[in-house]
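Just so it is clear, none of the values below were taken in a lab; they were calculated from the coordinates. Here the structure is a predicted model, which means the values were calculated and not measured. Every residue, glycine as well, gets a Cβ built from its backbone with ideal geometry; the counts of neighbours run over all protein chains shown.
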Amino acid sequence: ATEAQYEFVKVTTPRPGVGMIELHRPKALNALFTPLIADLNRALKSLDSSPTINAIVLTGSHKAFAAGADIKEMAPKSFADAYGADFIESWSELPNLIKKPVLAAVNGHALGGGAELAMMADVLYCSAGANFGQPEIKLGVIPGAGGSQRLTRAIGKSRAMELILTGRNFSGKEAGEWGLAARVFESPEECVQGALDAAETIAGYSRIAVKAAKEAVNKSQDLGIREGVEYERRIFHGLFGSEDQKIGMKAFAEKKKPEWVHR
Ligand code: CAA
């Protein structure tokens, strides 16, 4: 799909094998309204099925990754509207359908649904000055896109509870110290470049192995340790049926660079 097909995201391929999606609704600080989520879902699915893309970077602007769900869109909704349309369910395509790794590069505001979207990514990078928060309590609601679950798993119950109950914002620096972010960069530019570097590295490996690794790590979020380890071992066994396992191990023995079949 080309950029012209999207109104609220920009899709580019800045590095070999790497697709980048930039949220682009600058006037509303990338507030996540339905048309933007529709564009995001389409862009993600298009990159996920592209034969030339192996990893995806998701970012916003330097000012805002996303300032949350669109409060103006939500304000008039009744319970029947929200429940009837299963409001926010359409956001679950990123964590549930996308098989290739998604790295979020978070700069500026990542509030409410913006923080939740960032946490749906497989890897979260941010700049030290990023402004995270789950301020929903201030609006008379609670996080609705997974914040109470993903933030709690990422940083522990006491910290997540404090943040969700007080609605206080936290910095990218804190996100790094608590392990919510895998890496923290000095500047937004370095954050995006860092995400692209990591994505390019990932894109250089066997696509089958990369997908399998993502699947196995994500299972740890749903399964107990025993089932999780068994699940991992089954996938590991399965990879002995892939050509890339032969290619990778032979290349090691011959001290050569592997030329993957599944790229
Ligand atoms: N929804 C709709 N519009 C938003 C928005 C949002 N979440 N966040 C910002 N905007 C709009 C503003 O209304 C403003 O539009 P106008 O120029 O038409 O007035 C424009 O973006 C620029 O915003 P500000 O003038 O407020 O910019 P600022 O730099 O002074 O402040 C901010 C930035 C601190 C992020 C502030 O905009 C803000 O607090 N935004 C709301 C953050 C929030 O509460 N997010 C959680 C939403 S609830 C949610 O996400 C539910 C869920 O769990 C899924």
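For HIS262 and LYS45, a Förster radius of 22 Å and the Cβ-Cβ distance give a FRET efficiency of 0.65, rounded to the nearest 0.05. Would you mind checking LYS10/LYS173; LYS45/LYS214; LYS173/LYS211 for any pair whose Cα atoms are more than 25 angstrom apart? As for pairs spanning more than 25 Å Cα to Cα, those are LYS10/LYS173; LYS173/LYS211. This ranking places ILE142, ILE202 by how few other beta-carbon atoms lie within 10 Å of each, fewest first, which gives ILE142, ILE202. Taking a ≥ b ≥ c as the square roots of the Cα gyration tensor eigenvalues, the stretch 82-220 comes out oblate, since a/c reaches at least 1.5 and a/b does not exceed b/c.
Sparse packing (at most 13 other Cβ atoms within 10 Å of the Cβ) combined with a DSSP loop state is found for the following GluC sites (Glu not before Pro) in the stretch 221-263: GLU254, GLU259. With a ≥ b ≥ c taken as the square roots of the eigenvalues of the C-alpha gyration tensor of the stretch 139-263, please select rounded if a/c is under 1.5 and otherwise prolate if a/b is larger than b/c or oblate if it is not? In terms of gyration-tensor shape, oblate. Relative contact order for the chain: 17 percent, from Cα pairs under 8 Å spaced at least 6 residues apart, divided by residue count.
For TYR125, TYR231, TYR83, the sequence from fewest to most other C-beta atoms within 10 Å is TYR83, TYR231, TYR125. For the chain, compute Rh as the Kirkwood radius over C-alpha pairs and then the Stokes-Einstein diffusion coefficient at 20 °C and 1.002 mPa s; write the answer in µm²/s, rounded to an integer. The estimated diffusion coefficient comes to 111 µm²/s. In this Cβ point-charge picture (+1 for Lys and Arg, -1 for Asp and Glu), the chain has a dipole of about 520 debye about its Cα centre. Residue order for LEU103, LEU29, fewest other beta carbons within 10 angstrom first, comes to LEU29, LEU103.
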